[in-house]
1. Mind telling me which of the residues Ile32, Ile84, Ile74 ends up being aliphatic (A, V, I, L, M), in the same structural domain as Val142 (by TED's automatic domain parsing) and either modelled with pLDDT under 85 or under 26 Å from Ile135 (Cα atoms) (or both)?
2. Could you identify the single residue in Leu94, Leu121 that is assigned by TED's automatic domain parsing to the domain that holds Thr138, at pLDDT 90 or above and among the hydrophobic types (A, V, I, L, M, F, W, C)?
3. In region 95-105, which residues are assigned to a helix (DSSP H, G or I) and either in contact with a strand residue (DSSP E or B) (Cβ under 6 Å, 6 or more places away or on another chain) or of a type in the set (Ser, Thr, Tyr) (or both)?
4. Name every residue in region 62-94 that is assigned to a helix (DSSP H, G or I), touching a residue at least 40 places away in the same chain (Cβ under 8 Å) and more than 25 Å from Ile22 (Cβ to Cβ), in order of residue number.
5. Give me a count of the residues in region 68-123 that are in contact with a Lys or Arg (Cβ under 8 Å, 6 or more places away or on another chain) and not hydrophobic (A, V, I, L, M, F, W, C).
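The values are calculated or read from the model by the stated rules, or taken from the named source; none is laboratory data. This is a predicted model, so every value here is computed, not measured. Cβ coordinates were reconstructed from backbone atoms using ideal geometry, including for glycine residues, and neighbour counts include every protein chain displayed.
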Amino acid sequence: MVIDREHAHVAFGLFGSINAFILLLSPLPTFIHMWKKKSVEKFSPFPYIVAFLNCGLWLLYGLPWIQQQGSLLIMTINRIGLAIDMVYLMLFVLYSKKEKRMKIFFIILSEIVFIGSLAILVITLVHCHKKRYTIVGTICMVANILMYASPLTIMTANVMGAMLGLAQLMLYATYYKYTGRQITERQTQGKLDLVEKTVSGAAQKASNEAALVFNLMFGRPIF
């Protein structure tokens with residue numbers, strides 16, 4: 001059985017769209033947990049902010065102004081993706097603190113402005129459909145890579161923290177004996193200083209008492 005190019009294109013497009021839909025729904029348990037707890041806890045909104053940008057760019061890529069005939073599959077799955085990501089981000093905005101809430105809002109707004117500006121610039125300045133979808137497609141690929149790499153931001157922070165903690169333990173192990181010896185020396189020196197002050201005070205007191213006795217014996221005035 002021979003499958004022509006058009007049918008293969010549709011089949012792989014459907015397969016990719018189904019996989020993308022499953023991927024979009026994969027964080028659903030996390031957001032159900034957030035909704036029940038009424039808190040974002042330590043979850044980061046960054047992966048969903050990048051996913052929102054990614055879906056918006058791919059939706060732009062599928063429009064007939066970019067591709068001459070347009071792409072129904074690309075537009076459909078990325079419309080669904082935009083809607084799902086908007087729900088996710090609304091939960092972050094709803095349950096985050098005020099400062100974080102405003103930051104998320106302004107980032108989303110800047111992404112919308114970026115996508116709109118890109119669409120206007122490409123449509124008005126580039127008059128060939130092939131160049132249009134090449135430019136937008138390249139930007140979409142970069143955004144796609146960022147979306148899949150975005151969870152690594154949390155992992156990177158944890159790895160760096162572990163490495164810094166290990167470095168601190170190594171420094172502690174290296175200088176432990178030296179530090180302990182230095183503390184012992186300081187304590188010993190403090191005790192010696194205390195003994196010296198005690199002996200000096202006793203000697204001074206004895207000297208004063210001897211002078212008093214001498215003055216009484218030989219009739220010298222005390223004052």
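1. Checking each option against the conditions leaves just Ile74.
2. Just a single option satisfies the conditions, and that option is Leu121.
3. Correct list: Tyr95 only.
4. Answer for region 62-94, where residues must be assigned to a helix (DSSP H, G or I), touching a residue at least 40 places away in the same chain (Cβ under 8 Å) and more than 25 Å from Ile22 (Cβ to Cβ): there is none.
5. 1
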